[in-house]
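This is the structure I want to talk about, given as structure tokens.
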């Protein structure tokens, strides 16, 4: 019958997803299994998983889907999950995502910890941006990273899973190429005696699959977009790549794989400038005064 949904390539159930690159159709069960298998495969690439696995959990669709997938794999991984949420203090936006984050953690039975800009830095992001000529995404990125590091240290977390998906990975690859900074390929992949290391279990999972996974897990909520998001270069790159993917299926997957190839070939060859200790707050940074203290005007 015209308009009838095709069947799953692996069973007789109705398909909910088409991989345009391979032509495979997947039903709800096989789509979720496929996502979980790729997440588990990425986790198993680690030499060993810690007793506690932190999940950077904003409450948005990507981190919600990741937390759900990790919770579904709890019998296959040795780590206890703990969701780590940073409340930046963005009026009209963060209230809804924080509420959703709490509901998801309760439903999945995952421990949840929240840290706030106001408690850590004395001001919300909205307050930081009053009469400021700096880009909100830059300010937020610096303060959010520190907040997550502090929260991870408080909870004894040495490995943090983030919800960056394959589309994000491809966008970052292109942005790194635009900036011509090869060292950015390795950002967050190293570790110091103080920082928790980052892992991205969704790097082989497309944004469409991540969204579907959240919907099929009955955890998706149509939340407002961050009001500052439009300022970011990433938004322009996302639009460009989405158009290219539509015309050339598999482009994002190939870009993500290309960065992985670069990472593997350059492993051990990138020389980093040793981190210094900020003379004001004592936190490790790239100079005598860290970016957080500069933002807080403590220099």
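Quick one: in the stretch 217-247, of everything that is loosely packed, with under 12 Cβ neighbours inside 10 Å and within 19 Å of the chain's Cα centre (by Cα), which residue is modelled with the lowest pLDDT?
Per the criteria, the residue is 230.
Could you please find all residues in the stretch 243-257 being more than 9 Å from residue 170 (Cβ to Cβ) and in contact (Cβ under 8 Å) with a residue 12 or more places away in the chain?
Correct list: 249, 250.
So is residue 278 touching a strand residue (DSSP E or B) at 6+ places or on another chain (Cβ under 6 Å), farther than 29 Å from residue 102 by Cα and at pLDDT 90 or above or not?
yes
Let me ask another. Please work out which residue is modelled with the lowest pLDDT, limiting yourself to the stretch 154-207 and to residues that are more than 29 Å from residue 116 (Cα to Cα) and outside any helix (DSSP H, G or I).
181
Answer yes if at least one residue in the stretch 54-73 is assigned by TED's automatic domain parsing to the domain that holds residue 253, without any contact (Cβ under 8 Å) to a residue 40 or more places away in the chain and either over 19 Å from the mean Cα position of the chain (by Cα) or closer than 20 Å to residue 165 by Cα (or both), and no otherwise.
Yes, that holds for at least one residue.
For the stretch 26-36, give me each residue that is under 25 Å from residue 245 (Cβ atoms), out of contact with any helix residue (DSSP H, G or I) (no Cβ under 7 Å at 6 or more places or on another chain) and either in contact (Cβ under 8 Å) with a residue 12 or more places away in the chain or surrounded by 15 or more Cβ atoms within 10 Å (Cβ to Cβ) (or both).
27, 30, 34, listed by residue number.
Oh, and also: In the list 3, 59, 23, which residue meets the criterion of being modelled with pLDDT under 95, buried (at least 23 other Cβ atoms within 10 Å of the Cβ) and not in a strand (DSSP E or B)?
59
Please verify whether residue 253 is crowded, with 18+ Cβ neighbours inside 10 Å and at pLDDT below 90, treating the condition exactly as stated.
It is true that residue 253 is crowded, with 18+ Cβ neighbours inside 10 Å and at pLDDT below 90.
Just the residues that are outside any strand (DSSP E or B), more than 17 Å from the chain's Cα centre (by Cα) and either touching a residue at least 40 places away in the same chain (Cβ under 8 Å) or within 30 Å of residue 93 (Cβ to Cβ) (or both), please, taken from the stretch 40-53.
Selection gives 41, 46, 49, 50.
The values are calculated or read from the model by the stated rules, or taken from the named source; none is laboratory data. Keep in mind the model is a prediction, meaning the values are calculated, not measured. Glycine also receives a Cβ, built like all others from the backbone with ideal geometry; neighbour counts cover every protein chain displayed.
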